[in-house]
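The values are calculated or read from the model by the stated rules, or taken from the named source; none is laboratory data. Remember, predicted model here, so these are calculated numbers, not experimental data. Virtual Cβ from ideal backbone geometry, glycine too; neighbours counted across all protein chains shown.
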Amino acid sequence: MRMYDLIMKKRNGEELAEQEIRYMISEYVAGSIPDYQMSAMLMAVYFKGMSDLETAVMTDAVAHSGDMVDLSAIDGIKVDKHSTGGVGDKTTLVIAPIVASCGVKVAKMSGRGLGHTGGTVDKLEAIPGMRTSLEPEEFFKAVNQTGLAVVGQSGNLAPADKKLYALRDVTATVDSIPLIAASIMSKKLAAGNDCILLDVKTGSGAFMKSLDDSILLAEKMVAIGEHAGKKTVALITDMDIPLGYAIGNSMEVAEAVDTLLGKGPNDLTQVCISLAANMLYLADQGSLDKCTAMAEDAITSGRAIQKLIEMVEMQGGNSEVIKNTGKFKQAAYSYQVLAEESGYISHINTEACGIASVALGAGRETKESEIDYAAGIILQKKYRDFVRKDEVIAVLYAENQNKFETAARMVKDAFEITDVVPKERPLIYARVGKEGTEKY
Ligand code: URA
């Protein structure tokens, strides 16, 4: 078999055979297919797409390129959750404790920030002492004892995806539905959970900008999960504006803590309750209404925040910053971004806010960059809020004042202001399950 022929086949819009896809993935991981040929293949897939069968085979080949985690040492049903990536998306920090405090195990492997989007592992590492890399035995023991653990992906989980993702990131081939579906689902299948809840983000801060594409992506991922014998549901949630007010690692942990204390922003709270309820539903805890009530009670009773504290302590973190988020190290400097005119906020370009937070130090500009956990943005105004000219719309935080000029310009330009009250927008657009897609 020659990679050249496979590239030509895909370039001409033909379907690749199972053994061709398996050959391409295993030889790429082995290093015998060079990046330039794989780049050409990715671009061909970007333009010509992949059939459902090709996507399923690709997912399976990528999943089996490394370890297939065996979670059988953990008792009970294990439920996983994955977000397609967003800005201010701290949902895992809220949902995992809610679900675990309701008696369902969460043995979760999360990712780091990617491009303009943040990652749960970086947020967790903002907690002093927090270990996000546990040996398998320690991981199983932590989940059996406290009901949850959230760690980074083990080194050998879907190594083909690691290589492919790095290549897609620099060849403008990230936002391809079959490639995203195979990338996410290969890691989810390899991570060994029984059920999977997918949070597919849609809008200006998401990889999928249109609702139709987001639904299509969700349908493909649910089909792959169900085909592999995992109960899988996806919610399509809004990422046209940032979720909550905080963008940046320790600030997002603090906002997640507020949400677990019942005083978080409304959008974040609502999205987290729906995601947690769907995870409980997948884990056979009753009807969606019953699971929603369970998730709400986990917050009001204080059980969920207690679970987060237990998890942090079990993973070696200093829980004092959770008990009092004012103890997080603060940024040396802050900068107020002012509105250029009066009116209603009609849009916030969320990708631009994500890029600005990276420029402030909250994310990595290169693979080697060190994250500044105190850096980021606290929005003061959100969609539909009224703002007066020169009123503060966002506050930027950084270790170094010369980071403010560019970031402030980006954030200022990200806000659109009109003189009519914009329409209300849904937080959750649709639910995709094996029975079909329900639009809200
Ligand atoms: N997240 C992933 O893990 N992979 C993608 O392709 C996109 C988002």
| query | Scanning for something in contact (Cβ under 8 Å) with a residue 40 or more places away in the chain, in contact with a helix residue (DSSP H, G or I) (Cβ under 6 Å, 6 or more places away or on another chain), away from the ligand (no atom under 16 Å from the Cβ) and not β-branched (V, I, T), does the stretch 131-138 turn up at least one residue? | reply | no
| request: Within the stretch 31-71, track down each residue that is loosely packed, with under 15 Cβ neighbours inside 10 Å, in contact (Cβ under 8 Å) with a residue 12 or more places away in the chain and not in a helix (DSSP H, G or I). | output: S51, M68, D70
| task | Please tell me if T171 is among the polar types (S, T, N, Q), touching a residue at least 24 places away in the same chain (Cβ under 8 Å) and within 15 Å of the ligand (Cβ to nearest atom). | result | yes
| remark: The condition of being in contact (Cβ under 8 Å) with a residue 24 or more places away in the chain, touching a Leu at 6+ places or on another chain (Cβ under 6 Å), buried (at least 16 other Cβ atoms within 10 Å of the Cβ) and assigned by TED's automatic domain parsing to the domain that holds E391 holds, among Y344, Y335, only for Y335
| said: Could you tell me how many of the residues in the stretch 320-332 are crowded, with 20+ Cβ neighbours inside 10 Å and in a helix (DSSP H, G or I)? | reply: 2
| request: Out of the residues in the stretch 387-426 that are exposed (fewer than 13 other Cβ atoms within 10 Å of the Cβ) and hydrophobic (A, V, I, L, M, F, W, C), state the one that is farthest from D240 (Cα to Cα). | output: V420
| said: Residue under question is K10, and the condition is that it be within 22 Å of the chain's Cα centre (by Cα) and not hydroxyl-bearing (S, T, Y); does it hold? | reply: no
| field | Residues within the stretch 139-168 that are more than 16 Å from the ligand (Cβ to nearest atom) and among the charged types (D, E, K, R), tallied | value | 1
| remark: Scanning the stretch 118-137 for residues that are among the acidic types (D, E) and modelled with pLDDT under 95 gives D122, E135, E137
| request: All but one of (1) of a type outside the set (A, V, I, L, M); (2) within 28 Å of the chain's Cα centre (by Cα); (3) modelled with pLDDT of 95 or more hold for S83, so report the exception by its number. | output: (3)
